[in-house]
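Asks: My questions all concern the structure below.
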Amino acid sequence: MALPGVTNRKRLVALLLGFTLIFLALTVRVGYIQLVWGVDLQKKAVDQWTRDLDVFPKRGVIKDRNGKILAQSATSVSIAARPSQISDPQKVASLIAPILELDEQELYKKLSNKSSTYVWIKRQVDRGTANKVRALNIKGLDFTEEPKRYYPNGSLAAHVLGFTMKYAEPGEGLKGQEGIELYYDKYLKGFAGKILMETDAVGREMPYNVDRYIPPINGFNLVLTIDQVIQYFVEREINNVVAKYNPKKVYAVAMDPNTGEILALANWPTFDPNNPPRDVGNFEEMQNYVKNFVCKDNIDPGSTFKIITAAAALEEGVVNLNSTFNCPGYKIVDGQKINCWRSGGHGHETFTQAVQNSCNPVFMELALRLGKDRFYHYLNEFGFGQPTGIDVLGEEKGIIMSRNSVKNVDLARMGFGQAISVTPIQLITAVSAVINGGNLMKPYIAKELREVVVDENGQETERVVKTVTPQKVRQVISPETSKIMREVLESVVTDGSGRNAYIPGYRVGGKTGTAQKYGPGGKIIPNKNISSFIGFAPADDPKVIVLFMVDEPEAPVTFGSIIAAPYVKNILEDTLKYLGIEPELDEEAQQAEQVEVPDVIGKSLDEAIRALKGAGLEYMADEGGTVVKDQMPKPGAKVVSGTTVLLYTEREVQGQTEGQTEVQAEEAPAEGMVAVPNVLGKSIREANRILVSEGLRLKIEGSGIAVGQDPAPGTRVKEGTEVTVRFALPSGGQQNAAE
């Protein structure tokens, strides 16, 4: 029999050991909770007894190269509610719904949702309206500043800038969409701040609460290579060509060929980034407005590509300035007859004359002399088939046939700009390498990132944090070949197909292009062309190069020399004067090289031709007409001798033609006066067609469907009057975009 004392001691030891194990287990558990779960539990605790409200950062300003503001952020008031603090949701809804123009029952549902920490009542409210709500002094309503993006120049440089989403997730601020706003979004957007407050278990603000403010970090400012003035010159000419020829698309770029800096970039159709067409139809339709076609469209370059073929051929020594050719009007390659653009051909010609004449058979011959390997070497060296690296998201790289599958006939076609697709930005970058001494430069749009610094006196200054400098990709051709090409391309403007780009007093070089378009099965689409011209000046020391491409112009003659060259001339002339580049020739010499375009409107075609020939000018006329109804350039314009004048003709009708009905009693309009037609409800293209048919010009404001016009329909005005038409998206689209 065990002694009582021993038994008790054993029990005490067992009990002590049990308590020790329990204590150790609790200690380990507490340590695990504190060390492992501590951060998460603390976060949950803070979430339970605090509430926060986002303070949005100020998105960085976007400026042009001269400091002119292209995009900036303003602030507007957004109103939120904390349902747990709203004592009478029905009453509050009835008070503020009329002020904010909201549905009272929908607002009541929001305010009654006690499971939500806070809900947005209305965002982007003007200050006057917000102050009316604030004056009601309703507990549970919060007012916060939210950024709103503003583009002071409307649609100017829209495809460069892109746009932002109006309503982003809480804490994110504005988000970039397309263009520079998207590409540099992480630098522009900044970081959100917060206002913190202590609350009880049901989310009510504690009486002893002290708000804690965490300030936002504003975004960097961005300086672009774009020059607002040159951008205006480019977009002005786009509007002019749209009004005249009603094209499907227009591409235009102005660049410094020596650095790769984009001075201007624009497309048509365009949009207003203050009211972007995010909800038009579907995604593809939206892209027809906001897509940067210059960087994202693969198109046939046409004869502008002959610059590349010529440069490669000169560099490789397969041709020189003394080389001669004979063009019978076609060339047979692999059994296929490929025609020259000029029926009957150009006959005997030198290399320089072949470039001036844009002779297809000569450039087929040059490509074949180079051979597949050398030709493809230069395609790669000039950057075709690869992105240029420009700061645009989604840049295309062009379409080039696989080297292994190329036949001689394909090589011949590529030599004069067919059987290959490029982006406009690739084309202007490659041609810049041809004329700048042979250097392929990387094109770029952003020049500097700047941080806004506030000193102790509250004064704001900018500090440059990053500078983008010109980047040479590689040397493609020699400076000697580049010099020869500049001289040859200058002769295209003085003596060849580019005469319509001649600027008195300045040395201008360039090349015309008229590319055919292809449909399903590779068949050529009749009467559908891309008319283009690429020009640069001064020809001996280029400071600016401009590419202008017009897709499907509605004109009887669609040569690039007629459709595109005059607009490049206007851009270059204004840009050279703006940059302070003085003309080289004196006034007397300039006048000697110019002739005045005679007025042949209303004359018979034969009379018009004689008048133009007598003035030393060439002509082109649409077929089927006998009387000139319009001409381009206009009467009185000063042009270089030998310039081609485009004549628009119509058939002369004696008396009343069959099928016409007699006009009922109505006062005949005065001579030279027309009644403004009604274009309300029409698309931009339809409105332009209607106005142009009446001899009027279209000035476009906005995009979408015509909602207003000035002068009003029926008003009698002089022919040539500019009619301002305001376009807007359908109301449904506008509403969705604002939500």
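Asks: So if I check each of Arg689, Arg716, Arg651, which one is among the charged types (D, E, K, R), modelled with pLDDT of 75 or more and either farther than 30 Å from Asp272 by Cβ or surrounded by 14 or more Cβ atoms within 10 Å (Cβ to Cβ) (or both)?
Replies: Just a single option satisfies the conditions, and that option is Arg716.
Asks: Right, here's the next one. Under the condition of being under 20 Å from Thr129 (Cα atoms) and small (Gly, Ala, Ser), which residue from the stretch 77-101 is nearest to the chain's Cα centre (by Cα)?
Replies: The extreme case among them is Ser78.
Asks: Next up: For residues in the stretch 66-75 being surrounded by 15 or more Cβ atoms within 10 Å (Cβ to Cβ) and over 16 Å from Asp227 (Cβ atoms), which is farthest from the chain's Cα centre (by Cα)?
Replies: By that ranking, first place goes to Ser73.
Asks: Give the residue, chosen from Glu480, Glu456, that is part of a helix (DSSP H, G or I), farther than 26 Å from Tyr183 by Cα and of a type outside the set (A, V, I, L, M).
Replies: Numbers: Glu456 fails: part of a helix (DSSP H, G or I).
Only one candidate qualifies: Glu480.
Asks: I would also like to ask the following. If the Cβ limit is 7 Å and pairs must be 6+ apart or interchain, which residue in the stretch 149-165 that is within 12 Å of Asn292 (Cβ to Cβ) pairs with which residue that is in a loop (DSSP other than H, G, I, E, B) and of a type in the set (S, T, N, Q)?
Replies: Here the result reads Ala158/Thr270; His159/Thr270; His159/Asn292, each pair linking the stretch 149-165 to a residue that is in a loop (DSSP other than H, G, I, E, B) and of a type in the set (S, T, N, Q).
Asks: What's the number of the only condition in (1) of a type outside the set (D, E, K, R); (2) surrounded by 16 or more Cβ atoms within 10 Å (Cβ to Cβ); (3) over 23 Å from Gln228 (Cα atoms) that Pro526 fails to meet?
Replies: That leaves (2) as the condition not met.
Asks: Shifting gears a bit: Which is within 15 Å of Met414 (Cα to Cα), of a type in the set (A, V, I, L, M, F, W, C), crowded, with 16+ Cβ neighbours inside 10 Å and under 35 Å from the mean Cα position of the chain (by Cα), of Leu379, Leu370?
Replies: Answer to the selection: Leu379.
The values are calculated or read from the model by the stated rules, or taken from the named source; none is laboratory data. This structure is a prediction, so every number in the text was calculated from the model and none was measured. Cβ: placed from backbone, ideal geometry, glycine included. Neighbour counts: every protein chain shown.
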